[in-house]
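Input: a single structure, listed below in structure tokens.
Each reported figure results from applying straightforward, stated rules to the coordinates on display, with no laboratory input. As the structure is a computational prediction, the values presented were derived from the model and not from experiment. Here the Cβ positions follow ideal geometry from the backbone for every residue, glycine too, while neighbour counts run over all protein chains shown.
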């Protein structure tokens with residue numbers, strides 16, 4: 001099996017160089033979205049925030065930004081890196097924590113044409 005073909009299984013906490021899996025491209029053209037490192041988010045973490053938001057909006061919320069404040073926990077949202085590869089997995093991590101499988105993804109917001 002060619003481990004660089006994009007269809008080879010990854011293991012939890014396995015960290016690979018960007019672009020190692022050629023087949024790992026989303027329909028929108030984003031690379032390396034499956035597995036690899038967990039990612040910091042700017043959102044504050046609230047343990048019940050996402051469940052309550054889903055209940056209040058019938059699951060129709062787009063790009064929720066988390067609670068307005070840390071609630072004294074000083075925890076930010078970390079996404080990805082879930083053992084079952086659940087892309088929607090979110091956890092809270094104290095923002096001073098460091099780990100070899102914890103990074104960030106640079107995002108460039110583009111203006112809509114027209």
Q: Figure the gain on full extension for residue 15 and residue 100 (residue separation times 0.36 nm, minus the Cα-Cα span) and round it to one decimal in nm.
A: 29.7 nm
Q: Just the Kirkwood number for the stretch 38-99, please: inverse of mean 1/r across all distinct Cα pairs, in Å, one decimal.
A: 12.2 Å
Q) Taking the Cβ-Cβ separation of residue 69 and residue 22 as r and a Förster radius of 41 Å, what is the calculated FRET efficiency to the nearest 0.05? A) 0.45
**Q.** Förster-model FRET efficiency, 41 Å R0, residue 108 and residue 60, C-beta, rounded to 0.05
**A.** 0.95
Q) Between residue 53 and residue 30, what is the spin-label point distance in nm, taking each point 7 Å from the Cα along the Cα→C-beta axis? A) 1.4 nm
